[in-house]
Amino acid sequence: MSRIPTPPSIATAPEASRGNLEAVKKLLGSVPNMFRIIANSPQTLEGYLGLNGALGNGSLDAPTRERIALAVAQVNGCNYCLAAHSYLGTHLAKLSAVEIEANRSGTSGDKKAAAAVEFAARIATNRGKVADSDLQVVRAAGYSDAEIVEIVGHVALNTFTNYINEVLKTEIDFPTVNSQAA
């Protein structure tokens, strides 16, 4: 059970959040619990959706974004996000079960993606304190400076949702995944 109320519907959410929740429903076909619990603060929901939308329009493709989300959720032990991104990774980004396990372990079967995932996991694990050599590895894999900034942005975005879901104990509404695995 969540630590604060999760509005059971768009109609019961704060009025200032309803438009954003309607947009989520239009995009996803439903409104997962995480969005509805964040809706308790219309400003936080707006901020999350703004950053998520901006990064979604960046140069990193959906599979790489999901890989990063899985690695960060594993580092942070967020069961909600592991469940959500395992589902999205499978159904949206078309990642295999083997790839999802690799991502959760902080790597990838794809050489270029592995550099991004390893970098993201290192950022999350070390709270942003990475070595010059870590940046060199990502650059050598073919990532531009802008893409490196995007990777950091995705780590921050996913850490935010990991913290929201862990602090508030958001009820998982995706097939469950154990954060202790991988």
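The values are calculated or read from the model by the stated rules, or taken from the named source; none is laboratory data. Owing to the predicted nature of the structure, the values given are computational and were not obtained by experimental measurement. Neighbour counts run over all protein chains shown; Cβ positions are idealised from the backbone, glycine included. These area figures cover heavy atoms from the full protein model, side chains too; ligands, DNA and RNA do not enter into them. Shrake-Rupley method; radii C 1.70, N 1.55, O 1.52, S 1.80 Å.
At-a-glance table
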| quantity | calculated |
| --- | --- |
| Single residue of segment 86-109 satisfying the filter (of a type in the set (Ser, Thr, Tyr) and open to solvent by 40 Å² or more (accessible area, probe 1.4 Å)) that is farthest from residue 142 (Cα to Cα) | 87 |
| Residue match in segment 159-174 (condition: modelled with pLDDT of 95 or more, over 21 Å from residue 55 (Cα atoms) and touching an Asp or Glu at 6+ places or on another chain (Cβ under 6 Å)) | no |
| Residue in segment 28-36 that is open to solvent by less than 30 Å² (accessible area, probe 1.4 Å), within 21 Å of residue 82 (Cβ to Cβ) and part of a loop (DSSP other than H, G, I, E, B) present | yes |
| Flag if residue 112 is of a type in the set (Lys, Arg), surrounded by fewer than 19 Cβ atoms within 10 Å (Cβ to Cβ) and farther than 15 Å from residue 60 by Cα | no |
| Some residue of segment 75-96 being part of a helix (DSSP H, G or I), touching a Ser or Thr at 6+ places or on another chain (Cβ under 7 Å), among the aliphatic types (A, V, I, L, M) and under 18 Å from residue 31 (Cα atoms) | yes |
| Cβ pairs under 9 Å, 6+ apart, first in segment 1-22 and of a type in the set (D, E, K, R), second in a loop (DSSP other than H, G, I, E, B) and open to solvent by 80 Å² or more (accessible area, probe 1.4 Å) | 3/169 |
